[in-house]
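Below is one structure, written out as structure tokens; comments come after it.
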Amino acid sequence: MGLFILRRVGVMILTALCLTFIVFSLTNLYPNLEKLAKTEGNFRMSDEAVTSWLTKNGHLDPLPIKFGQWIGVVPGWTNTDEDGKITGRCIERGADPAEAATYCGILQGHWGNSSVFKEPVADIIATRLGHTGFLMLCVMLVMVPGALIIGVLAGMREGSRTDRSLSTVSILSTATPEYVSGVILIALFASSAVGLKWFKGTATSAMESANFENFFLPVITIALYGMGYIARMTRASMTEVMTSQYIRTARLKGVSFPNIVLKHALRNALIAPFTVIMLQFPWLLNGVVIVETLFNYKGFGWTLVQAAGNNDIELLLAISVVSVVVVLLTQLISDIGYVFLNPRIRIS
Amino acid sequence: MEPLSWGDIIVRVLIQFTPVWIALIATFALSITFKRRLGLYGKLFDSPIGMIGFALVMFWVFTALFNGMFDMIATHDPLGQVSGMKNKVPGTPLRGAEDGDYAYYLFGGDNLARDVFSRMVAGSVVVVQVAPLATLFAFMVGITLGLPAGYYGGMLDTVLSFLSNLILAFPVILLFYLLVTPEIVDTGIPNYMAMVLFIFPIVFTAVLFNSRYYTQPHIRTPLLIVVLGGMSWIYLSLISASGSVINVLPGPLDLFDIPGGVLVVFVSVVFVNSPTVYRIVRGLALDVKTRDYVAAAQTRGEGPWYIMLWEILPNVRGPLIVDFCLRIGYTTILLGTLGFFGLGLPPESPDWGSTINDGRKLLSVYPHPALPPAFALMSLVLGLNLLADGLREESLRD
């Protein structure tokens, strides 16, 4: 088991390195750098001015070296201009160049500065992740119990009327992506044209104080899309369990139907959905981006759109590191949890 | 003129779709009459769920067909703006209508005074053109790489699986943003990716025919020359477009030019979909390669590619067909996501994602421009999911 986790962590680090390198090279393509120079400097820069600005700021070093600097295994660039003033990656503005560290990358905890928000990346990520974490938590609290209940109810009597109607509902919810259900929900419950106005169409105010009125629509929008999928998995595994031998034995013994479902079937039926729920996290991340944009909730997904839209290199890199780690960690947890829940599986 | 009431709008919309209804009824009548002779497709008409799904899908396919080929169904030009029709509610009569103009905006006007109904209809053309084809390409890539990975295992499997996990670990939207921004498009990276991804169908067909007719050179050689020649020509005209980085074919030989935005969207959707297909095919191949008929083929001395493509692949077609339907739905959702973030396609494009994105800004005041494309997208994806469900049920029944 220890070896298994160790190997998985190794693969995880390798994957994260590869992915960040891809993001790094795509964001550091020359047209992107040119755009960066023009937004940082001024828009009417000549080509030579762009080149000199980029050279001065260490953007024209070879790609592997820049990547090494970002990670913190290659000394950060320094540049001495005509007046003898030294600037460099590790030198804060106004600080003494002699005292600056040689290495400053993410290994040293230096995530760089965002060019869009003009703030340290680490601070932005921390606050935004907090907002999104809260959103995710609420989504999970709505989605998981809802999906499991629907799945178990549908799966316990296969082919019954409850089963058919609940299955149709779950197919409908998997067929409705967030940007469709969000739009429909806002139009129904938040627009002045329909006049229900039960909820608010934006969740901006939910960042300070989340309440039912401003937070219900974003949460239910994300939850709906994932719910159908988990419910279908739960239903499939529940129907499989309900046809197994030990359930038949229990029935023949005369155990009542609610008892069979709750005591005998439920535990075994929940093994498969557990993996699915864990693997839903990456999908949730997707939904979070859409919903945060739609409801203007300034969390992690909203930041991703801002960073990607403006080619904010260091913020984008930090975002991809975080999301890759989230994705891979959930995969790891789902694998380990599966072994614990299902003693028949052994990892050799 | 008076604005139309809701009942009138519904009747007029139904009338507007007349060609689609006729085509649908004809399809269903023919299929149900001959359903015993049509194999899996015919069996679909035994399951009510499958029939509903098929009807929803074919509704949009026929809509796209009639609108794209014969310019029917839509009442106005999807890009045309009429002054005074901005944000008008459904059923508003057209201001200054002349003879030959349709007299109403059935679903109202959007924030640029375009007809919402016509844009919804025109949006189906984009989806029906791109989604199935992109899914097919993703399947070609996934099958060509997944079969050997599952069959041989070993290093090949490790490397390919690592690569596919790499792509799957990427948040899809970040990937889209990285691939589809104008700066990246200028560097030609999507064109190079298209060059690599589009070669897989050719490889697939070449290996498919070669492994089958390997022992009969007099059939194989002409067949390969004709098929591969045609496909390579299409391939070259696909990837080469005047003005982009790859321009290999001289003008007259270039059959068609794909508009830059569509190509980029197409490539990124194929790229995102193929690792999942790869995983499915690999898993199926791993499962099937231990069967007796594979061992029998090995004992007969068949080549590995023959076994993969003519023994394993036909035997895993059931799950693959079902997944194909589901994946077209997923691709439709992805296309909508791209449109929703305003990536790839030009902003005035009538595809559903872009229209939803346009409409959402004024959603709380004027919900009508965003709702028709939203329901359209939902019904198409729902149809595909139901169709997949029906197919799964019927294919399990044998």
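Sort through B:Val185, B:Val226, B:Val141, B:Val172 and tell me the only one that's buried (at least 17 other Cβ atoms within 10 Å of the Cβ), at pLDDT 90 or above and either outside the structural domain of B:Ile328 (by TED's automatic domain parsing) or among the β-branched types (Val, Ile, Thr) (or both). Give the steps one after another, and end with the answer.
Details: B:Val185 fails: at pLDDT 90 or above; B:Val226 fails: buried (at least 17 other Cβ atoms within 10 Å of the Cβ); B:Val172 fails: at pLDDT 90 or above.
Checking each option against the conditions leaves just B:Val141.
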Residue in region A:189-211 that is crowded, with 23+ Cβ neighbours inside 10 Å, of a type in the set (D, E, K, R) and within 23 Å of the chain's Cα centre (by Cα) present: no
Qualifying residue in region A:119-138 (condition: under 30 Å from B:Asn385 (Cα atoms) and not in a helix (DSSP H, G or I)): no
Number of the exception - A:Lys298 against (1) within 14 Å of chain B (Cβ to nearest Cβ); (2) not in a helix (DSSP H, G or I): (1)
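So, in region A:157-193, exactly how many residues are part of a loop (DSSP other than H, G, I, E, B) and more than 7 Å from chain B (Cβ to nearest Cβ)? So that I can check it myself, show each step before the final result.
Initial filter on region A:157-193 (part of a loop (DSSP other than H, G, I, E, B)): A:157-160, A:175-177, A:190-193.
Among the residues that remain, those that are also more than 7 Å from chain B (Cβ to nearest Cβ) are: A:157-160.
Total meeting the criteria: 4.
Please work out if B:Leu345 is aliphatic (A, V, I, L, M), buried (at least 18 other Cβ atoms within 10 Å of the Cβ), more than 14 Å from chain A (Cβ to nearest Cβ) and within 30 Å of A:Thr176 (Cβ to Cβ). Write out each step before concluding.
Details: aliphatic (A, V, I, L, M): yes; buried (at least 18 other Cβ atoms within 10 Å of the Cβ): yes; more than 14 Å from chain A (Cβ to nearest Cβ): yes; within 30 Å of A:Thr176 (Cβ to Cβ): yes.
It is true that B:Leu345 is aliphatic (A, V, I, L, M), buried (at least 18 other Cβ atoms within 10 Å of the Cβ), more than 14 Å from chain A (Cβ to nearest Cβ) and within 30 Å of A:Thr176 (Cβ to Cβ).
Can you tell me which residue in region A:21-51 is farthest from the other protein chains (Cβ to nearest Cβ), limited to those that are in contact with a Leu (Cβ under 7 Å, 6 or more places away or on another chain), of a type in the set (S, T, N, Q) and surrounded by 17 or more Cβ atoms within 10 Å (Cβ to Cβ)? Can you show your working first?
Looking only at region A:21-51, we keep the residues that are in contact with a Leu (Cβ under 7 Å, 6 or more places away or on another chain), and these are A:23-28, A:33, A:37.
From the residues that got through so far, the ones that are of a type in the set (S, T, N, Q) too are A:25, A:27-28.
The next check asks that each one be surrounded by 17 or more Cβ atoms within 10 Å (Cβ to Cβ); those that pass are A:27-28.
Details: A:Thr27: 7, A:Asn28: 11 Å.
Once the filter is applied, the top-ranked residue is A:Asn28.
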Meets criteria (more than 17 Å from B:Val127 (Cβ to Cβ), modelled with pLDDT of 90 or more and assigned to a helix (DSSP H, G or I)) for B:Leu326: no
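Run down A:Ala307, A:Ala272, A:Ala265 and say which single residue is at the interface with another protein chain (Cβ under 10 Å from one of its Cβ atoms) and in contact with a Ser or Thr (Cβ under 9 Å, 6 or more places away or on another chain).
Values: A:Ala272 fails: at the interface with another protein chain (Cβ under 10 Å from one of its Cβ atoms); A:Ala265 fails: at the interface with another protein chain (Cβ under 10 Å from one of its Cβ atoms).
Within the list A:Ala307, A:Ala272, A:Ala265, the selection yields A:Ala307.
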Residue that is surrounded by the most Cβ atoms within 10 Å (Cβ to Cβ), among those in region B:272-308 that are closer than 21 Å to B:Leu166 by Cα and of a type in the set (S, T, N, Q): B:Ser274
Out of A:Val121, A:Val139, A:Val116, A:Val73, sole residue that is in contact with a strand residue (DSSP E or B) (Cβ under 7 Å, 6 or more places away or on another chain) and modelled with pLDDT of 75 or more: A:Val121
Breaking point among (1) within 24 Å of B:Asn385 (Cβ to Cβ); (2) among the aliphatic types (A, V, I, L, M); (3) loosely packed, with under 12 Cβ neighbours inside 10 Å, for A:Leu252: (1)
Filter result for A:Leu141 (in contact with a Phe, Trp or Tyr (Cβ under 7 Å, 6 or more places away or on another chain) and part of a helix (DSSP H, G or I)): no
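For region A:195-215, indicate whether the set of residues that are in a helix (DSSP H, G or I) and at pLDDT 85 or above is non-empty.
Step one: list which residues in region A:195-215 are in a helix (DSSP H, G or I), which gives A:204-207, A:212-215.
Then drop every residue that is not at pLDDT 85 or above, which leaves A:215.
Yes, the conditions are met somewhere in region A:195-215.
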Any hit, region B:246-268, residues being assigned to a helix (DSSP H, G or I), within 30 Å of B:Pro182 (Cβ to Cβ), modelled with pLDDT of 85 or more and among the polar types (S, T, N, Q): yes
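Among the listed residues B:Leu40, B:Leu56, identify the single one that is assigned to a helix (DSSP H, G or I), closer than 26 Å to B:Leu380 by Cα and at pLDDT below 85.
On the way: B:Leu56 fails: at pLDDT below 85.
Answer to the check: B:Leu40.
Each row is one residue, and each column tells you yes or no for (1) within 14 Å of chain B (Cβ to nearest Cβ); (2) under 23 Å from the mean Cα position of the chain (by Cα); (3) not in a helix (DSSP H, G or I).
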position: A:Arg251; (1), (2), (3): no, no, no
position: A:Val255; (1), (2), (3): no, no, yes
position: A:Ile277; (1), (2), (3): no, yes, no
position: A:Asn286; (1), (2), (3): yes, yes, no
position: A:Ile290; (1), (2), (3): yes, yes, no
position: A:Trp302; (1), (2), (3): yes, yes, no
position: A:Ser320; (1), (2), (3): yes, yes, no
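When only residues in region B:70-105 that are aromatic (Phe, Trp, Tyr) and assigned to a strand (DSSP E or B) count, which is surrounded by the fewest Cβ atoms within 10 Å (Cβ to Cβ)? Steps first, please.
Step one: filter region B:70-105 for residues aromatic (Phe, Trp, Tyr), giving B:70, B:102, B:104-105.
Remaining after also requiring assigned to a strand (DSSP E or B): B:104-105.
Details: B:Tyr104: 24, B:Tyr105: 29.
Checked region B:70-105; the qualifying residue surrounded by the fewest Cβ atoms within 10 Å (Cβ to Cβ) is B:Tyr104.
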Selection within region B:81-119 - touching a residue at least 40 places away in the same chain (Cβ under 8 Å), of a type outside the set (S, T, N, Q) and on the phi > 0 side of the Ramachandran plot: B:Gly91, B:Gly108
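B:Glu311: of a type in the set (D, E, K, R), more than 14 Å from chain A (Cβ to nearest Cβ), surrounded by fewer than 22 Cβ atoms within 10 Å (Cβ to Cβ) and under 21 Å from B:Tyr105 (Cα atoms), yes or no? Step through it out loud before you land on a result.
Numbers: of a type in the set (D, E, K, R): yes; more than 14 Å from chain A (Cβ to nearest Cβ): yes; surrounded by fewer than 22 Cβ atoms within 10 Å (Cβ to Cβ): yes; under 21 Å from B:Tyr105 (Cα atoms): no.
Here the answer is no, as B:Glu311 does not meet what is asked.
So, of the residues in region B:108-122 that are closer than 20 Å to B:Pro19 by Cβ and in contact with a Leu (Cβ under 8 Å, 6 or more places away or on another chain), which turns out to be surrounded by the most Cβ atoms within 10 Å (Cβ to Cβ)? First the steps, then the outcome.
Pass one, region B:108-122, residues closer than 20 Å to B:Pro19 by Cβ: B:115, B:117-122.
Now restrict to residues that are in contact with a Leu (Cβ under 8 Å, 6 or more places away or on another chain): B:115, B:117.
Details: B:Asp115: 29, B:Phe117: 26.
If we take residues in region B:108-122 being closer than 20 Å to B:Pro19 by Cβ and in contact with a Leu (Cβ under 8 Å, 6 or more places away or on another chain), then B:Asp115 is surrounded by the most Cβ atoms within 10 Å (Cβ to Cβ).
Pick out the one residue from A:Ser334, A:Ser320 that is closer than 27 Å to A:Asp123 by Cα, out of contact with any Lys or Arg (no Cβ under 6 Å at 6 or more places or on another chain) and among the polar types (S, T, N, Q).
Working: A:Ser334 fails: closer than 27 Å to A:Asp123 by Cα.
Testing whether each residue is closer than 27 Å to A:Asp123 by Cα, out of contact with any Lys or Arg (no Cβ under 6 Å at 6 or more places or on another chain) and among the polar types (S, T, N, Q) leaves just A:Ser320.
Which of the residues spanning region A:322-337 are at the interface with chain B (Cβ under 7 Å from one of its Cβ atoms) and of a type in the set (Val, Ile, Thr)?
Start the filter on region A:322-337 by keeping residues that are at the interface with chain B (Cβ under 7 Å from one of its Cβ atoms), which leaves A:323-324, A:327-328.
Within region A:322-337, A:Val324, A:Val327 qualify.
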Filter result for the condition that a residue is assigned to a helix (DSSP H, G or I), closer than 28 Å to A:Leu188 by Cβ and either away from every other protein chain (no Cβ under 11 Å) or touching a Lys or Arg at 6+ places or on another chain (Cβ under 9 Å) (or both), over B:Thr355, B:Thr332, B:Thr299: B:Thr355
Which numbered condition A:Tyr179 misses (of (1) surrounded by fewer than 19 Cβ atoms within 10 Å (Cβ to Cβ); (2) assigned by TED's automatic domain parsing to the domain that holds A:Thr330): (1)
Test set (1) without any contact (Cβ under 8 Å) to a residue 40 or more places away in the chain; (2) touching a Leu at 6+ places or on another chain (Cβ under 8 Å); (3) more than 9 Å from chain A (Cβ to nearest Cβ) - B:Arg360 fails condition number: (3)
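The values are calculated or read from the model by the stated rules, or taken from the named source; none is laboratory data. Values in this document were obtained by computation on a predicted structure and should not be read as measured data. Heads up, the Cβs are rebuilt from the backbone with ideal geometry, glycines too, and the neighbour counts pull from every protein chain shown.
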